[in-house]
Amino acid sequence: HTKKDLDGFRKLYHRFLQEKGPSVDWGKIQRPPEDSIQPYEKIKARGLPDNISSVLNKLVVVKLNGGLGTSMGCKGPKSLIGVRNENTFLDLTVQQIEHLNKTYNTDVPLVLMNSFNTDEDTKKILQKYNHCRVKIYTFNQSRYPRINKESLLPVAKDVSYSGESTEAWYPPGHGDIYASFYNSGLLDTFLEEGKEYIFVSNIDNLGATVDLYILNHLMNSPNGKRCEFVMEVTNKTRADVKGGTLTQYEGKLRLVEIAQVPKAHVDEFKSVSKFKIFNTNNLWISLAAVKRLQEQNAIDMEIIVNPKTLDGGLNVIQLETAVGAAIKSFENSLGINVPRSRFLPVKTTSDLLLVMSNLYSLNAGSLTMSEKREFPTVPLVKLGSSFTKVQDYLRRFESIPDMLELDHLTVSGDVTFGKNVSLKGTVIIIANHGDRIDIPPGAVLENKIVSGNLRILDH
């Protein structure tokens, strides 16, 4: 494993040393042609064939499970954080696929791409799914050495990664999936079993469920020419200005990330009018195409240089790649503009509040927007730094407020919420330094600004 990892690292490192300047020439970026991004409604309108089970049996679901819950103050894999009724991201994923397999009498497997950070903890927990109707496989993404920013030399002194040297290594982004999946032997195993497509998504995107209409479009394409790569994109809102976007570049669809954009054009890149869509990182990819391109060494992804500072203060860089950037290497690729509901990532406790609330109902592992919500969009929620860690966040809510009629919530400072609070319209709650605000049980706040000190004591 180590030898394969270091071979991969060497290739990436050589490219990093050779390439100068930005990886895209801004002048060559064009809007993608009309037919290269299809509206989801059009794909759905084709309906489903009678043999949907045989179509489903050609699918493998892959979840990117390399991330830790550190940004939410948790130790261990992010996928093991409780999201809804004690269910973790992983529980919900297994429930979704088990529901598919039972409903259609199919055998859709789940594959987790772990990193050396998440592998051990994830494998321990997998035993609890032994009786589920889902075969679960895992493989590890590579482990690359971090690079000293000044000397450009690897920080690691040897290949061990215990004790002090754990900080010297990192998983190189999800673009590593192609090589790692191929090297693990799973790719060949699935091809031998007659599987044809993988559906890849982030495990923390609760909207990324298997969509039968998209799968059918892949397997039975209208013009007889199969797509090797489908990227689900969705319309940008003001909150998504940093998301990568699909463009036409030198005659091919190409994913452009904000990190690749020259500084002078960043505002143009963020404009909602010029680039209307962004990548959800829900991807449908042909297994045979991955094998072919991997063997030809023909998958080309831009290098993302990610600067980090280690605990001791050493500045390092990590060379990473993104899975969606490979779209330009595949034949006949396509974007599908999907409803926003297929992009429901939980990156912060503000996101967690939304998915735990009555805005969503849970059915067979899938979250759907409550029919009682009158607007199709979710409220904008900003919780302050006292809520960053999951355990602090949970401590501050005696129960999750009713948010069906909420448009905007900002909370800052030492604030707690009693049971059965209702939030409507725009609510802003600000406790200044040294103050504390307890929102009393049963309170209804509609278009209110609460500030200063508000404490309710039991007598």
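The values are calculated or read from the model by the stated rules, or taken from the named source; none is laboratory data. This is a predicted model, so every value here is computed, not measured. Please note: Cβ atoms are built from the backbone with ideal geometry, for glycine as well, and neighbour counts cover all protein chains shown. For accessibility, only protein heavy atoms count, side chains too; no ligands or nucleic acids. Shrake-Rupley method; radii C 1.70, N 1.55, O 1.52, S 1.80 Å.
Couple of notes before you dig in:
- Listed by first and then second residue, the pairs linking a residue in segment 32-56 that is without any contact (Cβ under 8 Å) to a residue 40 or more places away in the chain and hydrophobic (A, V, I, L, M, F, W, C) to a residue that is assigned to a loop (DSSP other than H, G, I, E, B) and open to solvent by 50 Å² or more (accessible area, probe 1.4 Å), with Cβ atoms under 7 Å apart and 6 or more places separating them unless they lie on different chains, form an empty list.
- Failed item, numbered, when P401 is tested on (1) open to solvent by less than 60 Å² (accessible area, probe 1.4 Å); (2) of a type outside the set (G, A, S); (3) free of Cβ contacts under 8 Å to residues at least 40 places away in the same chain: (3)
- When segment 247-276 is filtered for residues that are touching a Leu at 6+ places or on another chain (Cβ under 9 Å), of a type in the set (A, V, I, L, M, F, W, C) and within 16 Å of E302 (Cβ to Cβ), the ones remaining, listed by number, are L253, L255, V256.
- Hits in segment 59-80 (condition: over 12 Å from L112 (Cα atoms), in contact with a strand residue (DSSP E or B) (Cβ under 6 Å, 6 or more places away or on another chain) and not in a helix (DSSP H, G or I)): L59
- One residue stands out in segment 306-341 among those that are in a strand (DSSP E or B) and closer than 28 Å to V230 by Cβ: the one that is modelled with the lowest pLDDT, namely N306.
- L409 being of a type outside the set (D, E, K, R) and in contact with a Ser or Thr (Cβ under 7 Å, 6 or more places away or on another chain): no
- Under the condition of being outside any loop (DSSP other than H, G, I, E, B) and either charged (D, E, K, R) or under 14 Å from F199 (Cα atoms) (or both), the residues counted in segment 265-288 number 12.
Condition check ((1) open to solvent by 60 Å² or more (accessible area, probe 1.4 Å); (2) charged (D, E, K, R); (3) assigned to a helix (DSSP H, G or I)) across all residues:
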position: D351; (1), (2), (3): no, yes, yes
position: T368; (1), (2), (3): yes, no, no
position: E371; (1), (2), (3): yes, yes, no
position: E374; (1), (2), (3): yes, yes, no
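- Qualifying residue in segment 219-232 (condition: over 30 Å from I52 (Cα atoms) and in the same structural domain as L64 (by the TED database)): no
- A single member of L6, L17, L12 is under 25 Å from N297 (Cα atoms) and surrounded by fewer than 11 Cβ atoms within 10 Å (Cβ to Cβ), and it is L17.
- Neighbours by Cβ (under 7 Å, 6+ apart or cross-chain): first from segment 304-323, more than 16 Å from Y13 (Cα to Cα); second hydroxyl-bearing (S, T, Y): N315/T309
- Sole residue being of a type outside the set (F, W, Y) and either touching a residue at least 60 places away in the same chain (Cβ under 8 Å) or touching a His at 6+ places or on another chain (Cβ under 9 Å) (or both), chosen from L353, L367: L367
- Residue match in segment 127-136 (condition: at pLDDT 95 or above and open to solvent by less than 30 Å² (accessible area, probe 1.4 Å)): yes
- Close pairs (6 angstrom Cβ cut-off, 6 or more residues apart or separate chains): open to solvent by 30 Å² or more (accessible area, probe 1.4 Å) in segment 164-193, in a strand (DSSP E or B) anywhere: H174/L64; S184/F139
- Total residues in segment 330-352 satisfying the condition of being of a type in the set (D, E) and under 17 Å from F278 (Cβ atoms): the figure is 1.
- Test: residue in segment 93-112 that is within 18 Å of I177 (Cα to Cα) and not hydrophobic (A, V, I, L, M, F, W, C): yes
- Of the residues making up segment 274-313, those that are open to solvent by 30 Å² or more (accessible area, probe 1.4 Å), of a type in the set (S, T, N, Q) and over 19 Å from the mean Cα position of the chain (by Cα) are Q294, Q296, N297, T309.
- Residues of segment 14-62 classified as at pLDDT below 85 and within 30 Å of S79 (Cα to Cα), total: 0
- Filter result for S271 (over 28 Å from L56 (Cβ atoms), open to solvent by less than 50 Å² (accessible area, probe 1.4 Å) and of a type in the set (S, T, Y)): yes
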